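Step one of this worksheet: look at the structure below.
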Amino acid sequence: MVITLLVGLLVGWSYSAGYKKADSAWQLRWTQRDLADTTATLERTAAERKEEQRRQQKTDEEQKHADQLLEQARSDAADADRAADGLRNQLTQLRNQLAGSEASRISTVTTASKAKNEASILLTQLLSESDEMAGRYAKEADDNYIAGNTCERVYDEVTEKK
């Protein structure tokens, strides 16, 4: 009976030791797996952060370039506005001259001459208005062109994998 008891204790101790050894081995494997998962997550996060910083840098560079282009376009538009103002002033003077010459006539003038002066006045007014509208459209077109090109360049830069 003592031998049976000793054999039983030995078997129980062996089982307990084997169980603890297997449990320790599994704990080590789980810890290694958790460490590998955490490392992979950190590496992926670092890579994503680096990519986001690259994209933001490219976006900032393109925005700076677009701001420079817009500034240049606005400067050019201001120059064009000054030139257009000069043209409008000339047209106004011409219109006033035509209207003044018509009002100062005392003699009977043919109606064709009067119609020609009125048509000239109308045409100078239309030219002045069309020049003003062309300036507005040109400014809007420049702004949209620069914005579209900037958007396209930003897209190309941020979708490019490096």
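Here, each number is a calculation from the coordinates, and none is a lab measurement. Everything quoted here is computed from the prediction, not taken from an experiment. Reconstructed Cβ throughout: ideal geometry from the backbone, glycine too, with neighbour counts over all protein chains shown.
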query = What is the fewest-to-most order of Thr124, Thr59, Thr39 by other Cβ atoms lying within 10 Å of their Cβ?
reply = Thr39, Thr59, Thr124
query = ³J(HN,Hα) across segment 147-160 via Karplus (A = 6.51, B = -1.76, C = 1.60, θ = phi - 60°), whole Hz, x for Gly/Pro?
reply = 4, x, 5, 5, 4, 5, 5, 4, 4, 4, 5, 7, 8, 7
key: Per-pair calculated FRET efficiency, R0 = 30 Å: Arg55 and Arg82 via Cβ, rounded to 0.05   = 0.15
key: Ranked by how many other beta carbons lie within 10 Å on average, peptides 136-148, 24-36 from highest   = 136-148, 24-36
request  = Step through the residues of segment 64-73 one at a time and calculate ³J(HN,Hα) from phi using the Karplus curve (6.51 cos²θ - 1.76 cosθ + 1.60, θ = phi - 60°), rounding each to whole Hz and writing x for Gly and Pro.
outcome  = 5, 4, 5, 4, 5, 5, 5, 4, 5, 5
